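Just below is one structure, and these are the notes that go with it.
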Amino acid sequence: MHRWSLCIAVTAFLGTGATAPADEFFEIKVRPLLAARCYRCHGPEKQKGGLRLDSAAALRKGGDSGPVVLPGKAKESLLLRAVKREGPKMPPKEALKPEEVAALTEWVKRGAVWPKGEQTSSAERDPQHARRTHWAFRPVGDPPPPVVRDNDWPRNAVDRFILAAMEKRGLRPVAPADRRTLIRRATFDLIGLPPTPEEIDAFLADDSPDAFAKVVDQLLASPAYGERWGRHWLDLVRYADTAGDNSDYPIPQHYKYRNWVVRAFNRDQPYDEFLREQFAGDLMPAANAEDRRDKILATGYLANARRFGSYEDDRYPWHLTIDDTLDNLGRAVLGLTVNCCRCHDHKFDALSQEDYYALYGFFQSTRYPWPGIELVKMQKDLVPLASPEELDRARVERKRRLAEKDAEIKQLEKEKAAAEKSRDAKAKKRAEELTKALPEAKKNRGRLAGEPLPVELAYAVAEGENKGRHKVGSARVQLKGDPEHPGKEVPRRFPTVLGGQALPPGVKGSGRLELAHWLTDPANPLTARVMVNRIWQYHFGKGLVQTPSDFGTRGRPPTHPQLLDYLARRFVAEGWSIKAMHRLILLSRTYQLSGRDDATNARIDAGNDFLWRFARRRLDAESIRDTLLAVSGALDRSPGGPHPFPAPATWNFTQHNPFKAVYESDRRSVYLMTQRIQRHPFLALFDGADTNASTAERVTSTTPLQALYLMNDAFVHAQARKFAARLLAERADDAARLDRAYALALGRLPSDTERSEARDFLERVRARSAGVPADQQHARAWESFARALFLSNEFVYVN
């Protein structure tokens, strides 16, 4: 983080806390921090330096050096000097974050209030108690929308929760956004593309009370919606079209999982069902052949786990692939860092090493597909999508072809033996030829035997077998995370803090279906909370929980805990419908606020945590690229299919010569081929997702290279030429072309000043093109003007 960004972040944090009641500030900002970072050395089990920090009495008493907190005296308090690394450094290994130091400082300045009095119960003195009773592990509440002073402002329940929090802190919402801003905001949010001038005009002309609701419904019904929101999910599950091993082998079939995700969002598949199919679609009943195909494709989520190393045999580190699976399950679905338990109990959350290996057993009992790797280049264990009848026919045909190969080899061996017995010179030469042909014939026979059946295949998972590396059963603890040092066996079950449900007696398979049901059980306090928080985050730029993949004690507490629970409970009650959640949020007055600043509000809540205005945001990488294609008229709106990978027979990639490719396309960016080891140049430049790890939030950078790209790259120049050609073809004169250019690129008409400046600019460019035909002068001028528009902040930001 840049220094100035850090200063702003800390200022925002202090501004938020300064207006909160002392008890609330302590419970939200201080107690979780002390429990997570201090109690291990200064709690009930251990008191280094004679110091405890888990009760008011212990705090006042201090340690061997005397009191460490002097209420109201931040500079004199030893605790603050230690966490600021002034003198003794506490914690000794990992310093507190600036916002954590700021919270402790503010707490001491305000009197070091300890709301629960002098004593704490024996349960509260137990560090595990604090972890087990952490807010995220408590049942989802059912809070009613709060009473507010300004009853005229809220439009729905969301607004009541937001306004109540603002009123409590002396904040007032700013004015609503104008209609052009609102439709541009909603269109980018829901489909990742700009609204067309015609769509904007239709909205501006619609005076009905439900005009914006109709816009929202039209956007949710667009096929582009699934492409936009499917991309968010692909970020979370670290989707890539390659395996991630040392040589990064292609996975030609994996686009089918990507397209399944897009379709699932477009049909508003209930989120609980969406999850269950990804964990256990192959084990669920299917209504028909198409449904069976979709359920198998869904398990591409598990197959997508990263591959490592160069070996396929017993040396392959399957524990790393399963760890990658568990890490993603924890972060993407539960908002927990489950993989922190691989080597030991979680240091901060109520998760144990046994919880980790209880989950490990489900995936150890699952057969993952083999993508090909440096020393074993052929794919195997892919899952057929064909019907049983088609599979039977394919097997019969394979058997027939193998028999032909066997007969060919037998005939070659017979001829070779006969030629070798002959003393004829021609026969001797023939024997030499047969000696060379036999190995090749046997190699071809082996290749045929190892090839997948010639039916449609999915990069998906299947049940393990009662033998080999995917033997069905519970896992043993790996001492210190080392599979070479197994400990005791842990029965497969859900984490204890989330219920600890164990597999019912008689389950013979992996147990993934049971796990999928536990994950989506409404009694699980995390799954619904995590997802509604993500939906909120993608609409407002940050979640109610601002650490969207970490709901543990190391994450940030919710700014609006009651709203979070209200949304989670409603999400489940309305059938886990993501589109219904969009409607609720977008139709709120909160979402429709302008981005206008307010000095009084900014002094209280500089970080806009309490949403008194709408936060301006830069478009993500995909939206920038897709918008360039859209306004130029070049965007291919058809769904993406397979990528033009080289033929598998030619694969010879190694760790020293890994697969690398960039396949250009005019389709939407969600359909671009993405690798794990090499990032797509455009997506990397504009902060696209990291395909090696779950991406919960896109980092937004501002670099000279981004500006240079928009000025000089061949792709941008090509779109500028097409944009210019479109303007020249669609409008007859410069004034009309200018209006069209602004409407397409920025969603508005130019101001009088912009018109004057644009005319001057066009004339100067034409003057530099003197001597070329007039039509080329016009084309060059408008192409240059298009690049200037593409470079503007307004083109790549949404208000």
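Worth pointing out:
- Cα gyration tensor shape for the chain, rounded if a/c is under 1.5, else prolate or oblate: oblate
- Short-range pairs are left out: with C-alpha atoms under 8 Å and at least six residues apart, the relative contact order of the stretch 600-731 is 29 percent.
- The apolar share of the surface of the stretch 466-614, taken as the fraction of accessible area on carbon and sulfur atoms (1.4 Å probe, ligands and nucleic acids excluded), comes to 51 percent.
- Loop-resident trypsin sites (Lys or Arg not before Pro) (DSSP state other than H, G, I, E or B) in the stretch 462-536 with no more than 15 further Cβ atoms inside 10 Å of their Cβ: 467, 508.
- Relative to one another, the C-alpha centroids of the stretch 346-370 and the stretch 478-503 are positioned 6 Å apart.
- The relative contact order of the chain, computed from alpha carbon pairs under 8 Å that lie at least 6 residues apart in sequence, is 17 percent.
- Solvent exposure of the chain as accessible area per residue, Å², 1.4 Å probe: 44 Å²
- Judged by the gyration tensor of its Cα atoms, with axes a ≥ b ≥ c, the stretch 685-744 is prolate; a/c meets the 1.5 cut and a/b is the larger of a/b and b/c.
- Mean-position separation - Cα centroids, the stretch 414-446 and the stretch 259-275, in angstrom: 59 Å
- Per residue, the chain reaches -14500 deg cm²/dmol at 222 nm when only DSSP H runs of four or more residues are counted, each adding -39500 (n - 2.57).
- Cleavage-rule hits (trypsin sites (Lys or Arg not before Pro)) in the stretch 26-82: DSSP loop, at most 13 neighbouring Cβ within 10 angstrom: 46, 73, 75
- Within a straight-line Cα-Cα reach of under 12 Å, residue 380 can be paired with the following aspartates and glutamates, leaving aside sequence neighbours fewer than 8 residues apart in one chain: 312, 451.
- Lys/Arg +1, Asp/Glu -1 at C-beta; the chain dipole; positive extreme among 758, 706, 177: 706
- Diffusion of the stretch 532-598 by Stokes-Einstein, at 4 °C in a medium of 1.567 mPa s and with Rh set to the Kirkwood radius over alpha-carbon pairs, works out to 102 µm²/s.
- Dimensions (Å) - the stretch 436-484, Cα atoms, principal axes, largest first: 52, 29, 18
- Neighbour-limited loop hits for trypsin sites (Lys or Arg not before Pro), the stretch 577-679 (at most 15 other Cβ within 10 Å; DSSP other than H, G, I, E, B): 596, 616, 637, 660
- Stokes-Einstein translational diffusion, the stretch 459-573 - Kirkwood Rh over all Cα pairs, 1.002 mPa s, 20 °C, in µm²/s: 126 µm²/s
- What the Cα atoms of the stretch 292-436 give is an Rg and a Dmax of 25.3, 84 Å.
- Each part reduced to its alpha carbon centroid, the stretch 292-336 and the stretch 164-198 end up 38 Å apart.
- Gyration tensor verdict on the stretch 383-494 (Cα atoms; rounded if a/c is under 1.5, prolate if a/b is larger than b/c, oblate otherwise): oblate
- Dipole magnitude for the chain: about 1860 debye, using +1 per Lys or Arg Cβ and -1 per Asp or Glu Cβ, origin at the Cα centre.
- Pairwise inverse Cα distances across the stretch 557-627, averaged and inverted, put the Kirkwood hydrodynamic radius at 14.6 Å.
- Distance violations [Cα-Cα > 26 Å] among 377/471; 256/471; 46/347: 256/471
- Across the stretch 774-783, rounded Karplus estimates of 3J(HN,Hα) from the backbone phi angles (6.51 cos²θ - 1.76 cosθ + 1.60, θ = phi - 60°) give 4, 5, 6, 4, 4, 4, 5, 4, 6, 5 Hz, Gly and Pro being marked x.
The values are calculated or read from the model by the stated rules, or taken from the named source; none is laboratory data. Everything quoted here is computed from the prediction, not taken from an experiment. Please note: Cβ atoms are built from the backbone with ideal geometry, for glycine as well, and neighbour counts cover all protein chains shown. Ligands, DNA and RNA are excluded from the accessible area calculation, which covers all protein heavy atoms including side chains. Shrake-Rupley method; radii C 1.70, N 1.55, O 1.52, S 1.80 Å.
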